[in-house]
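Quick notes on the structure that follows.
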Amino acid sequence: MLTIKSRSHEYTVEEFASLREALASVAGGERALFLVDRRLAELHGAELHPLLPAERTVQVEATEQHKSFEALTPLFLELLQRGLKRDGVIVVLGGGVLQDIGCFIASVLFRGVRWELLPTTLLAQADSCIGSKSSINIGPYKNQIGTFYPPHRVVVPGGVLATLPWDEIRSGLGEVIKLQLLAGEVGFRELMHDLQDVRSQPPVLSKWVARSMAVKQPYIEADEFDRGIRNLLNYGHTFGHAYESATHFGIPHGIAVILGVLTATHLSARLGLVPTGHYRELKTLLTPWYEPYGTQLQTAPRDAIFRAIQQDKKNTGQTVNCILTRGFGRMEKLPVALAADIVPAVNHFIENEVAVG
Ligand SMILES: NC(=O)c1ccc[n+]([C@@H]2O[C@H](COP(=O)([O-])OP(=O)(O)OC[C@H]3O[C@@H](n4cnc5c(N)ncnc54)[C@H](O)[C@@H]3O)[C@@H](O)[C@H]2O)c1
């Protein structure tokens, strides 16, 4: 069991062998309302059904459109109509999308209501479930609205990743890979070794869920509100978010992060921060983890990519604050000129470096 410190409250991360055991452990009794990923409910209905009272369960489709400010009003109303009170509990079952929705609602409804999270995707288990953030889209702008309000408990259900599509596993691995690049060379190489067999040996994922949280925990405890060192966790995200939004979320989040990590490393090499050989090695190792989404990136409107980079929350004026790298475990936040450095680097990356087909 892990205990995470937060300005608002400490919370634990506990693992359970199954979804049923995890769900049976949540708080609230009759005061609990359940926000459940619709796809998860379809796939795990037999296990979930006896434990989810229909009158206290709201199913939500896990799409970026549903994770938007505009789509939240009916959800607030549904929770209130189903009797959620100030002393109630919102129990969220799903991946990062359900987490973002649940966290945002829990943080503002009654100015803060208890919530517990059962993360059911690799991305949510390994990365997003700790760290307090909610991120909500508005109009075309991704993740621009949010709060810091950690769950009161994270309950990781075992076995649930077995139904996750391979691309969603790869998407989670995008954040796992990023975290190990931040941790340093030894962890990154061990991960790359383990990933060779990940399809035939899925249990190895639970090792990397734990290892990912161990890398992330010190960053979020030292800088919960993302004003300093925690920014480094955004390695790959300035470009990844732009690739996601320019393809209308056609590239899954963590896969876009892999492309973003490669872009940031390519840019770092062009700026002389890291040897080109480091970029070349990452390109060789990481290309299989984003293919075949390079094609989508190549056909994405370039002006939409640059608009999104400019609008990134790390941007100030004509420079963009990018997380760049000087090597394994040596990431730094630096201002980079948009027109002189970022535009040519991104153009070169997309036109010459990305594998397509
Ligand atoms: N708040 C944060 O700290 C944070 C961090 C990283 C990412 N995010 C956000 O998380 C979102 C991505 O989250 P995600 O990658 O977890 O994807 P997701 O929540 O969109 O889920 C991916 C797909 O898997 C389905 N699914 C969920 N659990 C399943 C299971 N066990 N078996 C089969 N299918 C299942 C969902 O219905 C969906 O179709 C993005 O919106 C991103 O911005 C938030």
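No lab work stands behind these numbers, since they all come straight from the coordinates. Treat the numbers as computed from the prediction; the structure is a model and nothing was measured. Don't worry about glycine lacking a Cβ; one is built from the backbone with ideal geometry, like all the others, and counts go over all protein chains shown.
The table that follows gives values for the structure above.
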item	result
Residues satisfying the stated conditions in the stretch 218-268, i.e. touching a Leu at 6+ places or on another chain (Cβ under 6 Å) and β-branched (Val, Ile, Thr)	Ile258, Thr265
Yes/no for Gln196 being more than 12 Å from the ligand (Cβ to nearest atom) and surrounded by 19 or more Cβ atoms within 10 Å (Cβ to Cβ)	no
Matching residues, the stretch 26-68, being within 19 Å of Val89 (Cβ to Cβ), touching a His at 6+ places or on another chain (Cβ under 9 Å) and either within 10 Å of the ligand (Cβ to nearest atom) or not in a loop (DSSP other than H, G, I, E, B) (or both)	Ala41, Val60
Among (1) more than 12 Å from the ligand (Cβ to nearest atom); (2) within 20 Å of the chain's Cα centre (by Cα); (3) on the phi > 0 side of the Ramachandran plot, the one test that Ile105 misses	(3)
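Matching residues to (1) surrounded by 24 or more Cβ atoms within 10 Å (Cβ to Cβ); (2) part of a loop (DSSP other than H, G, I, E, B):
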site: Pro74; (1), (2): no, no
site: Phe104; (1), (2): no, no
site: Ser107; (1), (2): no, no
site: Phe110; (1), (2): no, no
site: Leu118; (1), (2): yes, no
site: Ala124; (1), (2): yes, no
site: Gly131; (1), (2): no, yes
site: Ser135; (1), (2): no, no
site: Ile145; (1), (2): no, no
